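A short write-up of the structure that comes next.
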Amino acid sequence: MAEPLKLVYNEEFLSGFAEKVKRVYSPFEGSSFIADVLSEPWDELELKARIRKISSTLGRHLPGNYGEALNVLYKIDEECVGFPYLFFPDFIEVYGQAGEHWELSMQALERFTSKSSAEFAVRVFLLREPERMLRQMMAWAKHPDEHVRRLASEGCRPRLPWGQALPMFKRDPGPMLPLLEKLKADPSLYVRKSVANNLNDIAKDHPSVVIQLAREWLGDNPDTDWIVRHACRTLIRKADPEVMKLFGYTESVDIAELITTAALSINENILCIGEGSELSYDIQFREGEPVRARVEYGIDFVKAKGQTSRKLFRLVDRTFPGGSHLTGTRKHSWKDLTTRRHYPGEHRIILLVNGHEVASTNVKLVSE
């Protein structure tokens, strides 16, 4: 099982960070800072709570003046790069919300986002002053640094994983659309992925908005076409008729219009959590015209309270000549991940073609 991310924040990491601060700010009491961070209930805290405890504790050990505290962090931020230093932008969220700190906080978020990411910290400012913050994000969308341009898009995603939801944009994404328009042909794939993910978030609440944008944007250039395709992935998985037609998938009301036979099997029907299995699939496409098809398998994962949650996994997505015969295997791991925990029970596995269920099987997971 993968080691929890929260364990990156241990005494060794904190000691190394304290030494960096002490080198540029002599009054810093590293041992006291570490003791305060590790005080109860540290062991019970999860990742984001640990980040918040570090940033809030840091503020009590830096100069009381916000600008002076930022200057200390600026002296070491080139050494503090990567995921563990998310507490730098979180420091801005904790201590930089006062109106008189706006400019300082925007400069700090812009600076720190290239070292780790300010996508979480920026959201509290959006919730407080959405119009003002969107103007700032429009300015960031023109920034020469791809990390800053990405912040403009990632920071306003309505459903950012691990981040605060933005209910005003879940209700009405309209104010965000000019920003995404500005970034729709960005030269950086890092930025384009964020734009696509933002639109995919929007599609979960307002599919018609994304479908309309897709119609308008498709054909502008290959980079924009990639964004549109990736943005519509949830709608494709749901086999939304308008989206399937837009991307050239063969239309069908009845699955018999696409295939004649299909089968799905698994090599072991009872497995321990942590083991792996091999799926085998077999599909015979209809005779006649070519068929543009998306072939997937889905698993109804059993959750902690016995309910199920389906996740889809792509197998093949291409055009098949009429009468084609598709066979294949796919290995699937039942190991726990940081993003998915497995529970004992009967898991249903399905095979889908353009959103139509065509075959199924079951596997029973048991505790080791």
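The values are calculated or read from the model by the stated rules, or taken from the named source; none is laboratory data. These figures come from a predicted structure and were not determined experimentally. Cβ atoms come from the backbone with ideal geometry, glycine included; neighbour counts cover every protein chain shown.
Counting residues that are within 17 Å of Arg150 (Cα to Cα), which helices (runs of 4 or more DSSP H) fully inside the stretch 181-233 reach at least 2? Reasoning before the result, please.
Numbers: elements: 189-205, 207-217, 222-231.
Qualifying helices (runs of 4 or more DSSP H): 189-205, 222-231.
Mind checking whether some residue in the stretch 128-148 is touching an Asp or Glu at 6+ places or on another chain (Cβ under 7 Å), of a type in the set (Lys, Arg) and at pLDDT 95 or above?
Checking the stretch 128-148: not a single residue is touching an Asp or Glu at 6+ places or on another chain (Cβ under 7 Å), of a type in the set (Lys, Arg) and at pLDDT 95 or above.
Just need a number here: residues in the stretch 56-85 that are under 21 Å from Ser114 (Cβ atoms), without any contact (Cβ under 8 Å) to a residue 40 or more places away in the chain and of a type outside the set (Phe, Trp, Tyr).
Going through the stretch 56-85 one residue at a time, the tally reaches 10.
Within the stretch 234-249, take every residue that is basic (Lys, Arg) and assigned to a helix (DSSP H, G or I) and give me the one that is surrounded by the most Cβ atoms within 10 Å (Cβ to Cβ).
The selected residue is Arg237.
Is it the case, given these coordinates, that Phe17 is modelled with pLDDT of 95 or more, surrounded by 13 or more Cβ atoms within 10 Å (Cβ to Cβ) and not in a loop (DSSP other than H, G, I, E, B)?
yes
Among the residues of the stretch 265-276, are any outside any loop (DSSP other than H, G, I, E, B) and within 22 Å of Lys238 (Cβ to Cβ)?
So far as the stretch 265-276 goes, no, none of its residues is outside any loop (DSSP other than H, G, I, E, B) and within 22 Å of Lys238 (Cβ to Cβ).
In the stretch 112-132, what count of residues is obtained for those that are surrounded by 20 or more Cβ atoms within 10 Å (Cβ to Cβ) and not in a loop (DSSP other than H, G, I, E, B)?
Qualifying residue count for the region: 5.
On the basis of being buried (at least 18 other Cβ atoms within 10 Å of the Cβ), in a helix (DSSP H, G or I) and in contact with a helix residue (DSSP H, G or I) (Cβ under 6 Å, 6 or more places away or on another chain), does Arg149 make the cut? Please lay out each step first, then the result.
Working: buried (at least 18 other Cβ atoms within 10 Å of the Cβ): yes; in a helix (DSSP H, G or I): yes; in contact with a helix residue (DSSP H, G or I) (Cβ under 6 Å, 6 or more places away or on another chain): yes.
The answer is yes for Arg149.
Taking the stretch 76-121, which residues are in contact with a Pro (Cβ under 9 Å, 6 or more places away or on another chain) and either farther than 21 Å from Lys6 by Cα or β-branched (Val, Ile, Thr) (or both)?
Scanning the stretch 76-121 gives Ala108, Leu109, Thr113.
Can you confirm whether Lys53 is out of contact with any Leu (no Cβ under 7 Å at 6 or more places or on another chain), in a helix (DSSP H, G or I) and at pLDDT 95 or above?
In short, no.
Quick check on my filter: what residues within the stretch 20-48 are assigned to a helix (DSSP H, G or I), under 28 Å from the mean Cα position of the chain (by Cα) and touching a residue at least 24 places away in the same chain (Cβ under 8 Å)? Break it down into steps so the answer makes sense when it comes.
If we filter the stretch 20-48 for residues that are assigned to a helix (DSSP H, G or I), which is where we start, we get 20-24, 30-38, 42-44, 47-48.
Checking the rest, the ones that are also under 28 Å from the mean Cα position of the chain (by Cα) come to 42-44, 47-48.
Correct list: Leu47, Lys48.
If you take the residues of the stretch 284-298 that are of a type outside the set (Gly, Ala, Ser) and touching a Lys or Arg at 6+ places or on another chain (Cβ under 8 Å), which of them is nearest to His332 (Cα to Cα)?
Ranking the qualifying residues of the stretch 284-298, first place goes to Tyr297.
Mind checking whether some residue in the stretch 49-65 is buried (at least 19 other Cβ atoms within 10 Å of the Cβ), within 23 Å of Val124 (Cα to Cα) and in contact with a Gly (Cβ under 7 Å, 6 or more places away or on another chain)?
Taking every residue of the stretch 49-65 in turn, none turns out to be buried (at least 19 other Cβ atoms within 10 Å of the Cβ), within 23 Å of Val124 (Cα to Cα) and in contact with a Gly (Cβ under 7 Å, 6 or more places away or on another chain).
Filter the stretch 300-314 down to residues that are over 21 Å from Thr234 (Cα atoms) and not aliphatic (A, V, I, L, M) and give me whichever is surrounded by the fewest Cβ atoms within 10 Å (Cβ to Cβ).
For the stretch 300-314, the residue satisfying everything is Lys305.
For the stretch 176-197, state whether one or more residues are aliphatic (A, V, I, L, M), without any contact (Cβ under 8 Å) to a residue 60 or more places away in the chain and under 25 Å from Ile51 (Cβ atoms).
Within the stretch 176-197, one or more residues are aliphatic (A, V, I, L, M), without any contact (Cβ under 8 Å) to a residue 60 or more places away in the chain and under 25 Å from Ile51 (Cβ atoms).
Listed residues Leu271, Leu264, Leu258; which is in contact with a His (Cβ under 8 Å, 6 or more places away or on another chain), crowded, with 17+ Cβ neighbours inside 10 Å and in contact (Cβ under 8 Å) with a residue 40 or more places away in the chain?
Leu258
Does Val291 fit the bill of being surrounded by 13 or more Cβ atoms within 10 Å (Cβ to Cβ), touching a residue at least 40 places away in the same chain (Cβ under 8 Å), touching a Phe, Trp or Tyr at 6+ places or on another chain (Cβ under 7 Å) and hydrophobic (A, V, I, L, M, F, W, C)?
Numbers: surrounded by 13 or more Cβ atoms within 10 Å (Cβ to Cβ): yes; touching a residue at least 40 places away in the same chain (Cβ under 8 Å): yes; touching a Phe, Trp or Tyr at 6+ places or on another chain (Cβ under 7 Å): yes; hydrophobic (A, V, I, L, M, F, W, C): yes.
When the stated conditions are applied, Val291 passes them.
State which residue is farthest from Val24 (Cα to Cα) when the search covers only the stretch 62-104 and only residues that are part of a loop (DSSP other than H, G, I, E, B) and polar (S, T, N, Q).
Gln97
From the list Leu352, Leu365, which one is over 24 Å from the mean Cα position of the chain (by Cα), surrounded by 12 or more Cβ atoms within 10 Å (Cβ to Cβ), within 22 Å of Glu242 (Cα to Cα) and modelled with pLDDT of 95 or more?
Leu352
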